[in-house]
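Peer 1: I'd like to ask you about the structure that follows.
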Amino acid sequence: MRILLIRFSSLGDLVTLEPPFRAYRHFFNKAHLTLLTSGLGRGVYEDTEYFDEYITGENFLDTLQKLRQNNYDIVINLQCTRPSHWLTLFTKKTRLVNQSASMLQKYFYIKPTVKTHKEILEELGCDREEIEIFFASNSMISLPHFPTVFSWNNQEVKIIALAPGASERWKSKKWGDKNYLDLAGVLLSAGYKIILIGSALEHSFGQDIEKKYPQIINMIDKTNLSQLKTVLASVDLLVCNDSGPAHLAAGVGTNTLTIFGSTDIKHCVAFGPYFGKHKYTVVEPRLNCQPCYKSKCPTEHECMNISVTQVNMFIEEMLE
């Protein structure tokens, strides 16, 4: 049996799909499972046993060409956008399950009933009582990762990872390079070991902070997502902006402190089914414009007037 699942999304959303993906693997353990996703989805799950194959086409025609090389018994469309519906239309399949809007509903703006993963699995004939095991109220997100012992794990000091970046379109989420630079100095003075993580967007800042504090371990732009999971699993705390690394760290059970500005704290991993301790900090009192969800602040970025002292207080509290 060949089954295709379709899901593109942000890093955080992809991490939250760990329990459903684990469930699909369990109930179809003898099937060949393919995930049509972005490079992020592949990066998060390619070191797991959840899927046998990943398709990450560069464009529509390239993706369709890859899909049409197989006949799928079941296609599960978890995306349900117009492009995903066109892909499923031309994909060779026996059965199609849409999580939300079908193609006609999407084009005629008919509001659908969104199916839960439990309902999808029930529709596919899986045992209802067994399904409950995966989706019980106490089920937790737990990303598989390769256990690795790093050189910094041999030292009897607390290890803190700092992730100063955010995606290119979300500059408003950034607490600021200077704040992270000052925080690094405070933490080093307190005896903590510091690891920097991030993408190529933070490469220049990583070099600057490494010059000032050569004892810092600079891992910016030096890991893929699979390796980053392993690095995050080896530290005691991640301090970051509201971005994907918070979900990735929480997914492997690492404590997190997330700094919020332009987005709503309801997105914090503190409110998700994650192992570990998770807190957030936000400017007080809240601003009338907050959260604005604007990619770039039109004023003076007042929502990020959060002091290094305030952040450090949270860190000391969490690492007591």
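The values are calculated or read from the model by the stated rules, or taken from the named source; none is laboratory data. Remember, predicted model here, so these are calculated numbers, not experimental data. Using ideal geometry, Cβ is built from the backbone for each residue, glycine included, and neighbour counts are taken over all protein chains shown. Just so you know, the surface numbers come from the protein's heavy atoms only, side chains and all, with ligands and any DNA or RNA stripped out. Shrake-Rupley method; radii C 1.70, N 1.55, O 1.52, S 1.80 Å.
Peer 1: Once you compute Rg and the Kirkwood Rh from C-alpha atoms, what is the Rg to Rh ratio for the range 165-320?
Peer 2: Result for the range 165-320 is an Rg/Rh of 0.93.
Peer 1: Here's another thing I want to ask about it. Over 23 Å between Cα atoms, which of Lys173/Lys279; Lys115/Lys279; Lys178/Lys229 qualify?
Peer 2: Working: Lys173/Lys279 16 Å; Lys115/Lys279 31 Å; Lys178/Lys229 26 Å.
In this structure, Lys115/Lys279; Lys178/Lys229 lie more than 23 Å apart at Cα.
Peer 1: Placing +1 on the Cβ of each Lys and Arg and -1 on the Cβ of each Asp and Glu in the range 58-205, which of Leu96, Ser189, Asn138 has its Cα farthest towards the positive end of the resulting dipole?
Peer 2: Checking the options against the dipole of the range 58-205, the answer is Leu96.
Peer 1: Now for a different question. Could you provide, to the nearest whole Å², the per residue accessible area of the range 231-281 with probe 1.4 Å? Walk me through the numbers before you get to the answer.
Peer 2: Values: 1340 Å² over 51 residues.
Ligands and nucleic acids excluded, the result is 26 Å² per residue.
Peer 1: Would you list Val308, Val186, Val97 from the most to the least accessible area, probe 1.4 Å?
Peer 2: I get Val186, Val308, Val97, largest accessible area first.
Peer 1: Please list 3J(HN,Hα) in residue order for the range 191-204, calculated via the Karplus relation 6.51 cos²θ - 1.76 cosθ + 1.60 where θ = phi - 60°; whole Hz, with x for glycine and proline.
Peer 2: Values per residue, Gly and Pro as x: x, 7, 8, 10, 10, 9, 10, x, 9, 4, 4, 9, 4, 5 Hz.
Peer 1: So, with +1 on the Cβ of K and R and -1 on the Cβ of D and E, and no other charges, what is the size of the charge dipole of the range 176-258 about its Cα centre, to the nearest 20 debye?
Peer 2: Here the range 176-258 has a charge dipole of around 180 debye.
Peer 1: Moving to a separate point now. Magnitude of the Cβ-charge dipole of the chain, K/R +1 and D/E -1, about the Cα centre, nearest 20 debye?
Peer 2: For the chain, the charge dipole is close to 980 debye.
Peer 1: With each pseudo-label sitting 7 Å past Cα toward Cβ, what's the Asn71-Leu89 distance in nm, one decimal?
Peer 2: 2.3 nm
Peer 1: Next question, about the same structure. At most 16 other Cβ atoms within 10 Å and a DSSP loop assignment: could you name the trypsin sites (Lys or Arg not before Pro) in the range 173-241 that fit?
Peer 2: Here the trypsin sites (Lys or Arg not before Pro) that fit, given the DSSP loop and packing criteria, are Lys222.
Peer 1: While we're on this one: Cut-off under 20 Å on the C-alpha distance; same-chain residues fewer than 8 positions from Lys277 excluded. Which aspartates and glutamates are left, in chain and number order?
Peer 2: Within the straight-line cut-off, Lys277 pairs with Asp13, Glu18, Asp236, Asp242, Asp264, Glu316, Glu317, Glu320.
Peer 1: Pop a pseudo-label 7 angstrom from the Cα along the beta-carbon direction at both Asp208 and Ala136 and give the gap in nm to one decimal.
Peer 2: That separation, rounded to one decimal, is 5.0 nm.
Peer 1: Test of understanding: in a Gaussian network model of the chain with alpha carbons linked when under 10 Å, which of His32, His145, His247 would top the mean-square fluctuation ranking?
Peer 2: Comparing His32, His145, His247 in a Gaussian network model of the chain, the most mobile one is His32.
Peer 1: Listed here are the pairs Lys106/Lys296; Lys158/Lys266; Lys266/Lys296; which of them are more than 25 Å apart at the Cα?
Peer 2: Lys106/Lys296; Lys158/Lys266
Peer 1: Per residue, how much accessible surface does the range 38-193 expose to a 1.4 Å probe? Answer in Å², no decimals.
Peer 2: Using a 1.4 Å probe on heavy atoms only, each residue of the range 38-193 averages 56 Å².
Peer 1: Let me check I have the definition right: for the chain, take the eigenvalues of the Cα gyration tensor, multiply each by 5, take square roots. What are those semi-axes in whole Å, largest first?
Peer 2: Values: eigenvalues 287, 96, 71 Å².
Output for the chain: semi-axes of 38, 22, 19 Å.
Peer 1: Accessible area of the chain with a 1.4 Å probe: how many percent of it is carbon plus sulfur?
Peer 2: Exposed carbon and sulfur together represent 51 percent of the surface.
Peer 1: Given q = 0.14 Å⁻¹, what are the Debye log10 I(q)/I(0) values for the range 40-89, with equal point scatterers placed on the Cα positions and solvent ignored?
Peer 2: Debye curve over Cα of the range 40-89, log10 I(q)/I(0) at q = 0.14 Å⁻¹: -0.40.
Peer 1: Using a simple spin-label model with points 7 Å from Cα along the Cα→Cβ vector, what separation in nm is obtained for Glu49 and Leu201?
Peer 2: 3.6 nm
Peer 1: Another question, then. Hey, if you drop one equal point scatterer on each alpha-carbon of the range 1-103 and run the Debye formula without solvent, what base-10 log of I(q)/I(0) do you get at q = 0.12, 0.14, 0.18 Å⁻¹?
Peer 2: Treating every Cα as an identical point scatterer, log10 I(q)/I(0) equals -0.34, -0.47, -0.82.
Peer 1: Using all C-alpha to C-alpha distances in the range 180-268, build P(r) with 10 Å bins and read off the rounded percent in each one.
Peer 2: All Cα pairs considered, the percentages come to 16, 49, 33, 2.
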